[in-house]
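Only one structure is covered here, and it is reproduced in the block below.
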Amino acid sequence: MSLNRMVAMLNEWLWQEQYWLPPGIRWQDIEMRDEDGRFPMPRDLLITLPLAFAFIALRYVFERIIAIPFSKCLGVKDRIRIRAPPIPKLEAFYEHVSRQPSQSQVVSLGRQCGLSQRKIQTWFRHRRNQDKPSNTKKFCEASWRFVFYLISFAAGLGSLIDTPWFWDHKECWRGYPKQPVADVHYWYYILELSFYLSLLLSVSVDVKRKDFKEQVVHHIATIFLIAFSYASNYVRVGTLVMLVHDSSDFLLESAKMFHYAVWTTTCDSLFVVFAVVFLVTRLVVFPCRIVHTTMVVSRDFFQPFFGYYFFNVLLLVLQGLHIFWAYLILRMLYKFVFTGKVERDERSDEESEVDEHEEEEPEGKEGESNYKQRKETINSKLTLLANNCVLNNLTNQRNLNSRLRKAR
């Protein structure tokens, strides 16, 4: 079977009408003339891949030209970390076996390298700390997302506030699936999908946080949700989903930026605002308004089909992630109420594979012990020097007395 024949069969299977359209609707029924407006076509999404790479390039320029100088203006400081000395055997073990060797592995590595167990453990601790992202890197990442989410939310709200489905969700389905898409909503979709594609493509070089796996699932679910809703012309309700998510994301990123700059009061205030907006939009507005209209209200306008079930499953996946993050945020609010400050970002601000208390404190203790050793050495040298000075003074005094006796 030729390749062209296989592609044709796959294309015919993929675009079957029962997957994408309600029962009784055919592709010919939703064809529009140019004067009717733009109708979503799956091929429109091909432009998102080159735009995703353009976002990655734009982010690189933004971080170097804007984010890094801005971080210095806010006073972001990086922790000075001791670099591990180059030891090929330990480096190979670190890269290919484990970043945290067991006790037996430490003993084996010590025999191979001729080092004590303490030196092996110290080397791995320094090496792990060496790989931890700096505050400047985390600030640049947060500032890039803040700028995009803020612009996206402002532009999305401006384009939707005058639409009928923004106020009456039944309008999301009136006339479905033959609903033209305005150019502004088309670009809202394309740019949002391109941005999440860029996040997924750069996930390997971004800061790995405690909710790394959940973030990857979120990006994949969001990409499928945006792409499928566009191809199925769920654009009206899809724009509402994107607006709800953008409404709180830029607040979180701004709180992170001030957290890295150690503007504690500003960070705590922004976090409280973010928590309120997040809990209201993700646990009230999203399930009670958007999920309700896609699962219940839509059935007043068409019979359920594959696209209906698939779209709602993706929405429920997002809602599950919302509940998970809401739990972490409520933990932070609990700490804030009883301690008076936000100690750390329970949602996603801790690195996933490195425990701060496990990594930073031993290095600090080791640095403190080294300082004590240096201090003791300096004190001993000063004592020796002082003793020498005293002995010299006594000797000179004796010599002077003997000379005086001879002179007399």
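The values are calculated or read from the model by the stated rules, or taken from the named source; none is laboratory data. The structure presented is a predicted model; accordingly, all values stated were derived computationally and were not measured. Neighbour counts run over all protein chains shown; Cβ positions are idealised from the backbone, glycine included. Heads up: the accessible areas ignore ligands, DNA and RNA and are worked out on the full protein's heavy atoms, side chains in. Shrake-Rupley method; radii C 1.70, N 1.55, O 1.52, S 1.80 Å.
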### Message
Considering only residues that are in a helix (DSSP H, G or I) and loosely packed, with under 15 Cβ neighbours inside 10 Å, which ones fall in segment 290-305?
### Response
His292, Arg299, Asp300
### Task
Six or more apart or on different chains, Cβ under 9 Å: which pairs go from a residue in segment 121-137 that's farther than 14 Å from Ile82 by Cα to one that's aromatic (Phe, Trp, Tyr) and in a helix (DSSP H, G or I)? Could you list them?
Asn135/Tyr260; Thr136/Tyr260
### Query
Listed residues Glu192, Glu214; which is out of contact with any Leu (no Cβ under 7 Å at 6 or more places or on another chain), in a helix (DSSP H, G or I) and among the charged types (D, E, K, R)?
Glu192
### Query
Only one residue in Ala57, Ala92 is outside the structural domain of Ser204 (by the TED database) and either in contact with a Ser or Thr (Cβ under 8 Å, 6 or more places away or on another chain) or of a type in the set (A, V, I, L, M, F, W, C) (or both), so which one is that?
Ala92
### Query
Which of the residues that make up segment 306-342 are aliphatic (A, V, I, L, M) and part of a loop (DSSP other than H, G, I, E, B)?
Val342
### Message
For segment 46-102: of the residues being in contact with a Leu (Cβ under 9 Å, 6 or more places away or on another chain) and outside any helix (DSSP H, G or I), which is farthest from Glu192 (Cα to Cα)?
### Response
Ile87
### Task
Go through segment 166-181 and give me each residue that's in a helix (DSSP H, G or I) and either polar (S, T, N, Q) or open to solvent by less than 20 Å² (accessible area, probe 1.4 Å) (or both).
Cys172
### Query
Could you say whether any residue in segment 154-165 is among the small types (Gly, Ala, Ser), surrounded by 14 or more Cβ atoms within 10 Å (Cβ to Cβ), under 24 Å from the mean Cα position of the chain (by Cα) and farther than 16 Å from Val235 by Cβ?
no
### Message
Is it the case, given these coordinates, that Arg128 is touching a Lys or Arg at 6+ places or on another chain (Cβ under 9 Å) and open to solvent by 80 Å² or more (accessible area, probe 1.4 Å)?
### Response
no
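Does segment 127-143 contain at least one residue that is part of a helix (DSSP H, G or I), at pLDDT below 85 and more than 21 Å from the chain's Cα centre (by Cα)?
Scanning segment 127-143, I find at least one residue that is part of a helix (DSSP H, G or I), at pLDDT below 85 and more than 21 Å from the chain's Cα centre (by Cα), so the answer is yes.
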### Residue ID - modelled with the lowest pLDDT, chosen from residues in segment 182-207 that are farther than 17 Å from Val244 by Cβ and surrounded by 20 or more Cβ atoms within 10 Å (Cβ to Cβ)
Leu199
### Task
Quick one: in segment 131-151, of everything that is under 21 Å from Ser247 (Cα atoms) and of a type in the set (D, E, K, R), which residue is least open to solvent (accessible area, probe 1.4 Å)?
Glu141
